[in-house]
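Trainee: Next up is a structure, given as structure tokens.
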Amino acid sequence: MPLTKMEHLLVLTDDLEATKDFYCEVLGLEDGERPPLEFPGYWLYLGAVPCVHVAERQAYTAHARTIGLDSSASAQGTGAVDHIAFNSTDYEEIAARLRRNGLEAIENTVPGVGLRQLFVRDPNGVRIEINVAAE
């Protein structure tokens, strides 16, 4: 197969700090090294992988135009992508983190496999799914 892995996702936002805080403070990603790009933003790491990129919408859109790209229009939610999923190993800990940050999660258990799930939205309306496998 020519593809080898999922690289990252980019969240465009009008509130850079609130978005970074959600992914770092609530979900536990870490703000890390980012090249000197032409627009403000963050690369947020899960372990050694910068899997969530966050960019200031207006500056990113202006930059994208200079290289011949358009960018997604501002919209609440995830558009054609329904959600972004992460794995966790500690259901109680992640649920407590969500509560401490004032977030109410929708809870679900996948029948037959015991997979426990939590669903929340980031400050931009992007739906986040957190999966915790049965022990």
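Trainee: Using a 1.4 Å probe on the protein heavy atoms, what percent of the accessible area of the stretch 55-135 belongs to carbon and sulfur?
Mentor: Working: 2580 of 5220 Å².
It is 49 percent, rounded to a whole number.
Trainee: A follow-up question, please. Any chance you could give the angle, 0 to 90 degrees and rounded to 10, that helix 57-66 forms with the longest Cα principal axis of the chain?
Mentor: The angle comes out near 50 degrees.
Trainee: Using each residue's phi in the stretch 114-119, evaluate 6.51 cos²θ - 1.76 cosθ + 1.60 at θ = phi - 60° and report the 3J(HN,Hα) Karplus result to the nearest Hz, with x for Gly and Pro.
Mentor: x, 5, 9, 10, 10, 10
Trainee: Of E56, E92, E25, which has the largest mean-square fluctuation in a 10 Å C-alpha GNM of the chain?
Mentor: Maximum fluctuation in the GNM of the chain, among the listed residues, is at E92.
Trainee: Further question on the same structure: Let me have the 222 nm mean residue ellipticity of the chain computed from DSSP H runs of 4+ only, each contributing -39500 (n - 2.57), with the sum over all residues rounded to the nearest 500. Spell out each step's value before the answer.
Mentor: Numbers: 3 runs with 26 residues, N = 135.
Helices in the chain give a 222 nm mean residue ellipticity of -5500 deg cm²/dmol.
Trainee: About the Cα centre of the stretch 55-115, how large is the charge dipole given +1 on each Lys and Arg Cβ and -1 on each Asp and Glu Cβ? Please answer in debye to the nearest 20.
Mentor: So the dipole magnitude of the stretch 55-115 works out to roughly 260 debye.
Trainee: Now for a separate question. If I build a Gaussian network model for the chain, linking alpha-carbon pairs within less than 10 angstrom, which residue out of F22, F119, F86 has the largest mean-square fluctuation?
Mentor: Residue with maximal mean-square fluctuation among F22, F119, F86: F86.
Trainee: Among A62, A48, A85, which one shows the biggest mean-square fluctuation in a GNM of the chain, springs joining Cα atoms closer than 10 Å?
Mentor: It is A48.
Trainee: [x] 28, 16, 15; [y] 21, 16, 14; [z] 39, 17, 12: which one is semi-axes √(5λ) of the Cα gyration tensor in Å as calculated from this entry?
Mentor: [x]
Trainee: At what distance in nm do the modelled label points of R100 and S74 sit from each other, each positioned 7 Å from its Cα along Cα→Cβ?
Mentor: 3.2 nm
Trainee: Further, regarding this structure: What is the angle, in °, between the Cα long axis of helix 91-100 and the longest principal axis of the Cα atoms in the chain? Nearest 10 is fine, range 0 to 90.
Mentor: Computed tilt is about 60 degrees.
Trainee: Distance from the Cα centre of the stretch 63-135 to that of the stretch 1-57, in angstrom?
Mentor: Value for the Cα centre distance between the two parts: 14 Å.
The values are calculated or read from the model by the stated rules, or taken from the named source; none is laboratory data. Bear in mind that the values here come from a model prediction, so they are computed numbers and not experimental data. Here the Cβ is made from the backbone with ideal geometry for all residues, glycine too, and neighbour counts use every protein chain on show. Only protein heavy atoms, including side chains, enter the accessible area calculation; ligands, DNA and RNA are left aside. Shrake-Rupley method; radii C 1.70, N 1.55, O 1.52, S 1.80 Å.
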